[in-house]
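**Q** First, the structure itself, so that you have it in front of you.
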């Protein structure tokens, strides 16, 4: 695990680009309601993105009766093996943060898997509120975002 | 690693691999109806029949269900012989007689060149193909509320004594996994009904949305050791709480804009 997915809520302007990127990236017909990252508005142009923490001791993986939730050693993300999922929804009830999402369209559980090491939401975030940074930089205190006219790399 | 030969093609697989997985890793397709990656192999549908033989068997071969048969070193496997095809066709023919109106069975039959059953169709058609996925998934969750009852043509999936199953927690895993969607249920924010049992729903203390049944919450807390108050909030309200928590943390750190 050489990179960490970092959320800097101070920079989020609640534009919803990450939700759209997520919904498109995961075959949910681009409906933002099917996103795995959720922005909660806390004021005009201020948001708090909430996304799976990929917990170290994850309740979802512990409760899954079919071992459908397995950590990817490379990315550190807990990934859902859809073919092993039996749709019992125990993980949805077990996640203390509400980040396991039941998809009524496909009748299976959706969760953030960091897109296998290339999180699609990150390049769409215009203010770098979402970053995928080298692990040794993850604890650095975030600076307020200064607009330079460039979009995220 | 061991080596088996599937339709003339050699493939190396780890010892203990099921023959079905070994055949698929060699790139050949074997139809299945009762197999599921998360559940124990069951050998119920008999669709995955293949012929196996060995060099020293002088042409003699035997038919095995590949989902239950371990791959052995030096095994020669034939997945598409006339004997395999005709035996599989009999299995599908019987299934089509049992479930003449089921789209899944009709599709499988059509794929094997059967339009209509050659047997007398079931006078009381059912959609249940007796694949046992529902009973196995129920066992796997640790509930075992339903099982197959009776034998032969009268075999069916049912709760004990055809009464509302006392052990059922109303999780709907059986209905979700059913390949023909033939397990009826009703669910709303007020109550859920399946297998003739009615369940009270746990409604989110904040938004009122129902997310689990009362029995499911009891089962989950027994399984994981969390108190049943753990299920007071739905996932959406838990996320909202989390977002508020983040804001509090950043305010505490003096970084909130």
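What follows draws every value from the coordinates through simple rules; no lab data is involved. Everything numeric here is computed off the predicted structure, so don't read it as measured data. Backbone-built Cβ (ideal geometry, glycine too); neighbour counts: all protein chains shown.
**Q** Can you tell me the mean projection area, over all orientations, of the convex hull of segment B:148-202's alpha carbons? Units nm², please. All intermediate terms of the calculation are to be shown ahead of the outcome.
**A** Working: hull surface 17.3 nm².
Averaged projected hull area, Cα only: 4.3 nm².
**Q** Okay, next question. Could you list the residues of segment B:215-250 with an amide nitrogen less than 15 Å from a label point located 7 Å from the Cα of residue A:42 in the Cα-to-C-beta direction?
**A** B:239-250
**Q** If r is the Cβ-Cβ distance from residue B:54 to residue A:81 and R0 is 35 Å, what FRET efficiency results, to the nearest 0.05? Walk me through the intermediate numbers first.
**A** Working: r = 35 Å, r/R0 = 0.99.
Efficiency computed from Cβ-Cβ geometry: 0.50.
**Q** Express the C-alpha Rg of chain A as a ratio against the empirical globular expectation 2.2 N^0.38 Å, rounded to two decimals.
**A** Working: Rg = 15.6 Å, N = 153, 2.2 N^0.38 = 14.9 Å.
My calculation over the Cα atoms of chain A gives 1.05.
**Q** Let me ask another. Which whole-number percent gives the relative contact order of chain B, counting Cα pairs below 8 Å spaced six or more residues apart?
**A** Details: 415 pairs, mean separation 28.5, N = 257.
It rounds to 11 percent for chain B.
**Q** Neighbour counts of other C-beta atoms within 10 Å: give me A:90, B:63 arranged from fewest to most.
**A** Numbers: A:90 27, B:63 16.
Placing the least packed residue first, the sequence is B:63, A:90.
**Q** What 222 nm value per residue comes from the helices of chain A, counting each DSSP H run with n ≥ 4 as -39,500 (n - 2.57) and dividing by all residues, nearest 500 deg cm²/dmol? Mind showing how you got there, number by number?
**A** Values: 3 runs with 19 residues, N = 153.
About -3000 deg cm²/dmol.
**Q** What share of all Cα pairs of chain B, in percent, falls into each consecutive 10 Å distance bin?
**A** Percent of Cα pairs in each bin: 6, 22, 24, 20, 15, 9, 3, 1, 0.
**Q** Give the residues of segment B:106-149 whose amide nitrogen is closer than 18 Å to a point set 7 Å from the Cα of residue B:164 in the direction of its Cβ.
**A** B:145-146, by backbone N distance to the label point.
**Q** When the expected Rg is taken as 2.2 N^0.38 Å, what fraction or multiple of it is the alpha-carbon Rg of segment B:140-243?
**A** Numbers: Rg = 15.8 Å, N = 104, 2.2 N^0.38 = 12.8 Å.
So the Cα radius of gyration is 1.23 times the expected 2.2 N^0.38 Å.
**Q** Nearest 500 deg cm²/dmol is fine: what mean residue ellipticity at 222 nm does chain B get from its DSSP H runs of n ≥ 4 alone, each adding -39,500 (n - 2.57), divided by its residue count?
**A** Working: 7 runs with 76 residues, N = 257.
About -9000 deg cm²/dmol.
**Q** Right, next: For chain B, modelled as a Gaussian network with Cα springs under 10 Å, which listed residue fluctuates most, B:42, B:60, B:195?
**A** Of B:42, B:60, B:195, the Gaussian network model singles out B:60 as fluctuating most.
**Q** Between B:226, B:202, B:84, which gets the highest mean-square fluctuation from a Gaussian network model of chain B, Cα cutoff 10 Å?
**A** B:226
**Q** Given N residues in segment B:1-139, what is its alpha carbon radius of gyration divided by 2.2 N^0.38 Å? Write out the running numbers ahead of the final one.
**A** Working: Rg = 16.1 Å, N = 139, 2.2 N^0.38 = 14.3 Å.
It is 1.12.
**Q** Which order do B:203, B:83 fall in if you start with the one that has the fewest other Cβ atoms within 10 Å?
**A** Least to most surrounded, the residues fall as B:83, B:203.
**Q** How far is helix B:214-224 tilted off the main Cα axis of chain B, in degrees rounded to 10, range 0 to 90?
**A** Value to nearest ten degrees: 80.
**Q** Rounded to the nearest angstrom and ordered from largest down, what semi-axes does the equivalent ellipsoid of segment B:28-96 get from its C-alpha gyration tensor (root of 5λ)? Walk me through the numbers on the way to the answer.
**A** On the way: eigenvalues 92, 53, 14 Å².
Working through the eigenvalues yields semi-axes of 21, 16, 8 Å.
**Q** Oh, and also: Which value results for Rg/Rh of the protein assembly as shown when Rg is the Cα radius of gyration and Rh the Kirkwood radius based on the inverse mean 1/r? Don't jump to the answer; show the numbers that get you there.
**A** Details: Rg = 25.7 Å, Rh = 24.5 Å.
On the Cα set of the protein assembly as shown, Rg over Rh gives 1.05.
**Q** Tell me, B:40, B:176 in order of fewest to most beta-carbon neighbours within 10 Å? Intermediate values should be presented prior to the final figure.
**A** Working: B:40 10, B:176 20.
Going from least to most buried by this count: B:40, B:176.
**Q** Given 0.36 nm per residue, what is the gain on full extension from residue B:187 to residue B:90 after removing their alpha carbon distance, in nm?
**A** On the way: separation 97, 0.36 × 97 = 34.92 nm, distance 3.87 nm.
Contour length minus the Cα-Cα distance gives 31.0 nm.
**Q** Follow-up. Using r as the Cβ-Cβ distance of residue B:72 and residue A:70, and R0 as 30 Å, what FRET efficiency do you calculate, to the nearest 0.05? Before the final figure, lay out the partial values.
**A** Working: r = 29 Å, r/R0 = 0.96.
The calculated FRET efficiency here is 0.55.
**Q** Can you tell me how much longer the chain between residue B:180 and residue B:126 gets when fully stretched, taken as 0.36 nm per residue apart minus their C-alpha distance, in nm with one decimal? If you can, show how the numbers build up before the last one.
**A** Details: separation 54, 0.36 × 54 = 19.44 nm, distance 1.01 nm.
Computed gain between residue B:180 and residue B:126 is 18.4 nm.
**Q** Would you mind getting me the FRET efficiency between residue B:10 and residue B:82? Use the beta-carbon distance for r and R0 = 22 Å, nearest 0.05.
**A** Working: r = 23 Å, r/R0 = 1.07.
Calculated value: 0.40.
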